[in-house]
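Computed from the coordinates by the stated procedures, all read-outs in this text should not be read as laboratory data. Bear in mind that the values here come from a model prediction, so they are computed numbers and not experimental data. Backbone-built Cβ (ideal geometry, glycine too); neighbour counts: all protein chains shown.
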Amino acid sequence: MRKRTPSSRAAFLATVLGLIVSGPLLAKGTKKFLDSDAAKEADEPQKFLPDYGKLVEGNDADWVFFPTGSLKAKKKVVLKPFQSNAVETHAVDARHAAEYSPDFLKKWLTKQGFEVVESGGDMVVEGNVFNAWEPSGGARFFGGWMANPGCGQEVILKSPTGEVLGFVRHKSRGSTIKDAVENGLEEIAKAIAAGK
C-alpha cells in the first residue's frame with residue numbers, strides 16, 4: 001500500500017471538499033432554457049429578452065440570467081409598464097395580465113427590501129407577459145395542475161444608463177389569471193433579490 005505524504009493528503013482532502021461544496025451548486029443553474037421543453041412551446045414568443053441563450057434554470061423563478069448575482073444592492077427601482085407579445089389566441093388575457101403586473105411586482109419587490117420610485121432609481125425593470133391562459137373544458141373537468149389558469153412573464157433589469165443587469169422568464173399557476181400573475185411576480189422578485 002502506497003503511503004500518502006502530507007501534501008498528497010492535503011490535495012486529496014481539497015478535492016473531496018471541493019466536490020462536496022460544488023455539488024449542490026452545480027445542481028441548479030446548469031440546465032439551459034434553450035435545451036428545455038419550455039423553449040419549444042410554439043405559442044410562447046421569445047422576442048422580449050435580449051438573449052434567451054443565457055437563461056439557466058433558477059431557484060425561485062424558472063429561468064434566470066444574473067451575471068453579477070444578487071441585485072439587492074440596487075435599493076431604488078423604477079417600474080415601467082408591462083407589455084404583452086402573446087400570440088393572438090392569448091392576447092386579450094395577456095394584455096389584462098400586463099395591466100396589473102406592475103402593481104403586483106411593486107408589492108413583492110417592496111417585501112424583498114426594494115423601494116419602488118417614479119424616477120431616479122438604481123435599477124429599471126421592464127416587463128412582458130408572453131402568455132396568459134384559462135384551462136380548456138377538459139383540463140378543468142379532470143382537475144390537477146392543468147386545471148389552473150396560468151401566466152408567463154419576463155422582466156429585464158437595467159441600470160439607469162441602460163446596461164442589462166439581468167433578466168428572468170417564469171410561468172406560474174393560480175386560481176385565476178390574476179392570481180397566477182401575482183404568484184409569478186412573487187417568485188420573480190425573490191429571484192431578483194437572490195440573484196439566482
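Quick one: plug the Kirkwood hydrodynamic radius of the range 60-136 (C-alpha pairs) into Stokes-Einstein at 10 °C, 1.306 mPa s, and report D in µm²/s.
115
With the crude spin-label approximation of a point 7 Å out along Cα→Cβ, what separation in nm comes out for residue 41 versus residue 59?
In this crude spin-label approximation the distance works out to 2.4 nm.
Could you bin all the Cα-Cα distances of the range 36-175 into 10 Å bins starting at 0 and give me the percent of pairs in each, rounded to whole numbers?
12, 40, 35, 12, 2
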